[in-house]
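> Just passing along the structure, written as structure tokens.
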Amino acid sequence: MIRAVLLFSASLVDAQTLTMTAQWQTGLFKMGDDVGSLNPHVYRPEEFTVNDLVYEGLTAWDMSYLGVDGVAGTDDDYVAPSLANSWTTNYAAVQSDSSVSYAITFNLAQGVTFHDGQAWNAAAAKLNFDHILGSADKARAGFHDWYGLPAAIKSWEAVSDLVFKVTFKYFYSAALRELGLIRPFRMISPLALPDINDAKLSCTETFKNWGKAPNTVYVCDNIKAPIGTGPYKIVAKRLTKGATSRELPAADFAASCRVNKGRFMGCEYNAGEQVTELIFEKFESFTPTASIGAPTFQKVIMKAYSTHNDVKAALIDGSLDLAYGLSTLSPSGFASLAAREDGLVNTHVAEHDLNVRFIGIHSGGYLSTPSLRKMAMCIMDRSMLYDGELVEEEPLDTLFDPGLPYVRDAVKSLKTVSQLCAASTSSPSDVTETLRFLYPTGQAHIKAIVYLMVAEFSTHGISVRPIGLSKDEYNAELGKWAGDNGAWAQGYYDDDNTPWGQGKNVTWDLAYSETWGPGYDALTSLTDIGYAYPAEVWSDATNYLSSISKKDLNEKIRAIPEIVSDSARQAEFTDLLNLLNEEAVFMPISAKRQIAVLNSRIYGFKFAYTEFGTGNMVAALTPPPSPPPPPLPPPPPPPYPPPPPYPPTEENKDGLSAGAIAGIVIAAGIAVLAVCCVLVMVTKERSGSPIFTPIAGVKPPV
């Protein structure tokens, strides 16, 4: 009985724990990958997937939401409330008078607290903005200039306890969307931030300080602990060495991750230790938002695995409840799990698009003219991918999902890949050099895509050399052209896009890449083309376009979100996409569709709308109903066993003795005699004869 109760209690505990693995920016979450101090204001290794469980922003991206105005086709489409319940803008005033500074006033959610109990309010919002941008001086805004929001912001203030206002230098149409991105405008507890009055910021850079005298010069001091407002709080990392492991509490993350690793702070543990798990607990005081409901699982364990096969095996043996994201399983592994008929797991493919796979064709390499690039598109036949490797994805002819804001109107005038191909006047014989095909390793489908294209070129007599690099090496290769001091160094654009007067620095001709997906596409993604320290294909591929200089291209892109008129902004965006379309530097392949495999005991699954979104997805999951209590034990046996039944006699082994049979015969005879007597009496009665005859001669006594 005691054992049954203990097993029942253990089953309840297990039912409240979700084990999962998820796709990271680098692909599969592997042994030794790390989240650093999990600082929401900086970049890798502070992993997106984990960040989204712990931290929230003022707004969130939700493609089921039409924005606060409830009207499709406006700039707050898909922008949902998060730490701000609602907001107002002075857009109408800006339309009437261009001298009016654009501003957004946020009404913050009431009753929200951070994981440490600190109140979420306008003062907390202001302090987070101070650290992200480098105080009112905006000393650190340049670090985030891969997109337009930090440069557009002029000032910010706490108007009252729950009212926060952001004022802009100029109208910036993308503000609400970009405030909802997964970094860097996510909010952390004020008590987890260093003292900005001591000239310390939450950043982790070691290669420079921020600000110039006579203004304050700030140093990076990291955060004290990862404390957000999200549905789950991170409580520990599991560090493993061989057969032994230990838990490192979240309060100690920052102390372990203050080591100078060259340009940024990094982590160091005991010799040989690796991160193998991240452990989360439900935040009991979480305030649900328009996109994230109240979480159910008490505990979440995110596990690292060495290979895709290890993930598949864990799903089958039940030690893993959820694998989320395209990079968690090989295509064949997902297909084999989907084909199972035992009901062990449920497989899911999202119906909405994520980021778009594309091949960048360098404008300054061995395919340096639009005609050569269009000819290359003719060679790269995508149909085999659609019938095989990418059968679950959405074939596309546009660089961005055609259903996204701005793109939905622009695609009407864009040429398809087939139309671009038909417009080429070049032939394969015009390519006389071996083409260099750059791609990142470690992620599902990519290598198969690259090698199929290499084979296609080979059948046309063109030699291609694949160059597979790790994510960090790949990013570094894409940024070589800009030099160590960035693409905005003085005099750079006066030298026809040649960094520091070195001439062309082109190290690839073809490169696999992906757009950034919902929330970023298309305006924010395009803005990155002009980033000073690039690490993306689109930035490098556009350096030597035939129809526009890189300097003019950057200015054209960055001006689009600043256009006040909706129609004029749309027209300029459409013109930009047509320009890039004709230059043929991007060949779209397909829109990725997210995948997930869950143990069949898990309920409530729904996909997030962004590639690395996990907060709303995990919060929606529920464990199975509680199992019934163990049955009561059977009653104890009687102290003395009952006597055995008498065995049958030899006279009748079928169960009736001879005496019993004789009794039955006699009873039957008596019954027959009684029936005959009754019949005689009935006959006499009907004939009028007396039934009984008097006895003559008998006198009564005197």
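The values are calculated or read from the model by the stated rules, or taken from the named source; none is laboratory data. Since the structure is predicted, the reported quantities are computational estimates derived from the model, not experimental observations. Glycine also receives a Cβ, built like all others from the backbone with ideal geometry; neighbour counts cover every protein chain displayed. Just the protein is used for accessible areas: all its heavy atoms, side chains included, with ligands, DNA and RNA removed. Shrake-Rupley method; radii C 1.70, N 1.55, O 1.52, S 1.80 Å.
> When the distances between all Cα atoms of segment 394-464 are binned every 5 Å from zero, what whole-number percent does each bin get?
Answer for segment 394-464: a P(r) of 3, 12, 15, 16, 20, 17, 12, 5, 0 percent.
> Just to confirm the filter: which trypsin sites (Lys or Arg not before Pro) across segment 146-191 are DSSP coil and have at most 16 other Cβ within 10 angstrom of their Cβ?
Numbers: sites: K154, K165, K169, R177, R186; in loops: K169, R186.
Loop-located and lightly packed - K169.
> R0 = 35 Å: FRET efficiency of D195 with M31, Cβ-based, nearest 0.05? Don't jump to the answer; show the numbers that get you there.
Working: r = 37 Å, r/R0 = 1.05.
Result of the calculation: an efficiency of 0.45.
> Right, here's the next one. Once the Cβ-Cβ distance between A313 and D552 is put in as r, and R0 is 45 Å, what FRET efficiency do you end up with, to the nearest 0.05?
The pair A313/D552 has a calculated efficiency of 0.25.
> For the ranges 574-584, 91-101, 452-462, 76-86, what's the packing order if you count other beta-carbon atoms within 10 Å of each residue, average per peptide, and put the highest first?
Peptide ranking by packing, descending: 76-86, 574-584, 452-462, 91-101.
> Rounded to the nearest 0.05, what FRET efficiency do K208 and E341 give with R0 = 41 Å and r taken as the Cβ-Cβ distance? Could you check?
E between K208 and E341, to the nearest 0.05, is 0.10.
> Give the aspartates and glutamates whose C-alpha is closer than 12 Å to that of K169, dropping any in the same chain fewer than 8 places away, or say none.
Within the straight-line limit of under 12 Å, K169 reaches these aspartates and glutamates: E562.
> Let me ask something additional. Using a Cα-Cα cut-off of under 16 Å, which aspartates and glutamates could be cross-linked to K241, ignoring same-chain neighbours fewer than 8 residues away?
Qualifying aspartates and glutamates at Cα under 16 Å: D33, D34, E268, E273, E277.
> Which value, to two decimals, describes the C-alpha radius of gyration of segment 32-121 once divided by 2.2 N^0.38 Å?
In units of the globular-protein estimate, segment 32-121 measures up at 1.38.
> Just the number, please: carbon plus sulfur as a percent of the accessible area of segment 531-594, 1.4 Å probe, no ligands or DNA/RNA counted. Could you put the intermediate results ahead of the total?
Numbers: 990 of 1920 Å².
In segment 531-594, the share of accessible area belonging to carbon and sulfur is 51 percent.
> Same structure again: Which whole-Hz couplings ³J(HN,Hα) result when phi for each residue of segment 70-84 is put into the Karplus expression 6.51 cos²θ - 1.76 cosθ + 1.60, θ = phi - 60°, listed in order with x for Gly and Pro?
Taking θ as phi minus 60°, the curve returns x, 10, 6, x, 10, 6, 9, 3, 6, 9, 10, x, 9, 6, 10 Hz for segment 70-84.
> Take peptides 251-258, 55-62 and line them up by average Cβ neighbours within 10 Å, highest first, as a rough protection proxy.
The packing order, highest mean first, is 55-62, 251-258.
> Would you mind getting the accessible area per residue of segment 12-163, heavy atoms of the protein chains only, 1.4 Å probe, in Å²? All intermediate terms of the calculation are to be shown ahead of the outcome.
Working: 4960 Å² over 152 residues.
That works out to 33 Å² for each residue.
> Using alpha carbon centroids, what distance separates segment 502-523 and segment 98-170, in Å?
Answer, in whole Å: 30.
> Mind checking segment 152-244 for chymotrypsin sites (Phe, Trp or Tyr not before Pro) that DSSP puts in a loop (not H, G, I, E or B) and that have at most 11 other Cβ atoms within 10 Å?
F207
> For K312, list the aspartates and glutamates whose Cα falls under 12 Å from its own Cα; do not include residues on the same chain fewer than 8 positions away.
List returned: D321.
> Cα centroid distance between segment 12-68 and segment 278-342, in Å?
12 Å
> Going by average Cβ density within 10 Å per residue, which order do the peptides 124-130, 384-390, 444-450 take, highest to lowest?
Highest-to-lowest ranking by the protection proxy: 124-130, 444-450, 384-390.
> Net charge around N197, counting only other residues with Cβ within less than 15 Å of its Cβ (Lys, Arg = +1; Asp, Glu = -1)? Present the calculation step by step, with values, prior to reporting the outcome.
Working: positive: K126, K200; negative: D130, D137, D195, D198, D221.
Local net charge: -3.
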